[in-house]
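The values are calculated or read from the model by the stated rules, or taken from the named source; none is laboratory data. A quick note: this is a predicted structure, and the numbers were derived from the prediction, not measured. Note: ideal-geometry Cβ built from the backbone for every residue, glycine included; neighbour counts use all protein chains shown.
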Amino acid sequence: MPVETAVARGATSERLLISAARAATLKLANQREAAVPHAPVLIRGAEPFDLDLATAVADPALDLNNPLKGPFRAEPLDWGRAAAAALELARLAGILPAFMVAPDGAGEAQPVAPSDLAAWADPSLLTIATRARLPVAASEEGELVVFRKPDDTREHCALIIGQQMAGTVPLVRLHSECLTGDILGSLKCDCGPQLDAALEQMAEQAAGGGYGVLLYLRQEGRGIGLINKMRAYRLQDQGFDTIEANERLGLPDEARDFITASQMLRLLGIGEVALLTNNERKVRALEEQGIIVARRVEHAHGSNRHNRRYLATKRDRAGHILP
């Protein structure tokens, strides 16, 4: 069960499931050299884990308040596929990737198989739910197309700027949801300026006889969720960069689903794009799904003193093409 809220206060467990990256932070020497960072690791302590101890072990934002933990030792894990699925479910739920294993006093278990996760992620289940005209500040010639899957509450959408025409290569931006940047005007990232600039460039494209498509993907924090993004921000305030913060949380630094973006384009009848991005991973992800990227269009906006280190990390450690 996830350690955050689903375990009853009095529950205890002999073992805790965490990620290898978190295990390395806890200095489990036998995991540090060869562990896959996001692989599951099973640990046992000198005493059973209750909810408070499990939370202190799982959440690196609490490390300064709980400096003395352990000793812990890693144990063999013979149910690796199920454990990996559990960590992935935690990421999708936006909670810490840590589980008390078979806790006493936790209530009735709910069965989940790795195959359930694979079926839920199947991009072929995505459909167009509805569409309607949507004039926006950048252009009055807008149409919003909303997509969903039967068992997924996230509603991805595409804003088409201008008149979609067969044979015309649209200007496309894959933009992942960022509440703090897109809505609140955060200066810690460049998401808001990138979103605004993309819509302006698409409006110019439409004025010249072309069109643009903004795919707005509901995957906050590069796929880790808003709560975990705020946990990462707390770690950044302690001096860690954005990638280090995610690693200390036991989460991937890049967990976005670009396969869904490819499926959205296919449902719109778009097979070739000019892609607004500084991230070559997005180019490769679309091309691997059969979408032709006719050209990459530079898209660097929004540098300021608050996000300078963030942008440098994207450039130097994540391979983004930035000045």
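Okay, residues lined up against (1) free of Cβ contacts under 8 Å to residues at least 40 places away in the same chain; (2) surrounded by 13 or more Cβ atoms within 10 Å (Cβ to Cβ); (3) part of a helix (DSSP H, G or I); (4) within 21 Å of the chain's Cα centre (by Cα):
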position	(1), (2), (3), (4)
42	no, yes, no, no
54	no, yes, yes, no
57	no, yes, yes, no
70	no, no, no, no
86	no, yes, yes, yes
106	no, yes, no, no
120	yes, yes, yes, yes
135	yes, no, no, no
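Of everything in the stretch 1-30, what is modelled with pLDDT of 85 or more and touching a Pro at 6+ places or on another chain (Cβ under 8 Å)? Give them in sequence order.
11, 12, 13, 14, 17, 18, 19, 20, 22
Conditions (1) assigned to a loop (DSSP other than H, G, I, E, B); (2) closer than 26 Å to residue 189 by Cα; (3) aromatic (Phe, Trp, Tyr), marked per residue:
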position	(1), (2), (3)
263	no, no, no
266	no, no, no
273	no, yes, no
281	no, yes, no
285	no, yes, no
290	yes, no, no
294	no, no, no
304	yes, yes, no
313	no, yes, no
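Listed residues 181, 185, 208; which is within 21 Å of residue 321 (Cα to Cα), in the same structural domain as residue 136 (by TED's automatic domain parsing) and free of Cβ contacts under 8 Å to residues at least 40 places away in the same chain? Give the derivation first.
Numbers: 185 fails: within 21 Å of residue 321 (Cα to Cα); 208 fails: within 21 Å of residue 321 (Cα to Cα).
Going through 181, 185, 208 in turn, the sole match is 181.
Please enumerate the residues belonging to the stretch 231-267 that are closer than 21 Å to residue 146 by Cα and either crowded, with 19+ Cβ neighbours inside 10 Å or touching a Lys or Arg at 6+ places or on another chain (Cβ under 9 Å) (or both). Talk me through it step by step, then tell me what you get.
First pass over the stretch 231-267, keeping only residues closer than 21 Å to residue 146 by Cα: 256-267.
256, 257, 258, 260, 261, 262, 263, 264, 265, listed by residue number.
Looking at 221, 239, 212, can you tell me which residue is in contact with a Leu (Cβ under 8 Å, 6 or more places away or on another chain) and more than 11 Å from residue 61 (Cα to Cα)? Spell out how you get there, then give the answer.
On the way: 221 fails: in contact with a Leu (Cβ under 8 Å, 6 or more places away or on another chain); 239 fails: in contact with a Leu (Cβ under 8 Å, 6 or more places away or on another chain).
So the residue among 221, 239, 212 that is in contact with a Leu (Cβ under 8 Å, 6 or more places away or on another chain) and more than 11 Å from residue 61 (Cα to Cα) is 212.
Tell me the residue from 187, 159, 144 that is surrounded by 14 or more Cβ atoms within 10 Å (Cβ to Cβ), assigned to a strand (DSSP E or B) and either at pLDDT below 95 or touching a helix residue (DSSP H, G or I) at 6+ places or on another chain (Cβ under 9 Å) (or both), please. Spell out the reasoning first.
On the way: 187 fails: assigned to a strand (DSSP E or B); 144 fails: either at pLDDT below 95 or touching a helix residue (DSSP H, G or I) at 6+ places or on another chain (Cβ under 9 Å) (or both).
Only one candidate qualifies: 159.
Out of (1) under 17 Å from the mean Cα position of the chain (by Cα); (2) within 21 Å of residue 314 (Cα to Cα); (3) buried (at least 19 other Cβ atoms within 10 Å of the Cβ), what's the single condition that is false for residue 281?
All conditions pass for residue 281, except number (3).
If you go through the stretch 284-295 one residue at a time, how many are surrounded by fewer than 17 Cβ atoms within 10 Å (Cβ to Cβ) and touching a strand residue (DSSP E or B) at 6+ places or on another chain (Cβ under 7 Å)? Can you show your working first?
Filtering the stretch 284-295 for residues surrounded by fewer than 17 Cβ atoms within 10 Å (Cβ to Cβ) gives 284, 287-290, 292, 294-295.
Next, from what is left, pick out any that are touching a strand residue (DSSP E or B) at 6+ places or on another chain (Cβ under 7 Å): 287, 292, 294-295.
Of the residues in the stretch 284-295, 4 are surrounded by fewer than 17 Cβ atoms within 10 Å (Cβ to Cβ) and touching a strand residue (DSSP E or B) at 6+ places or on another chain (Cβ under 7 Å).
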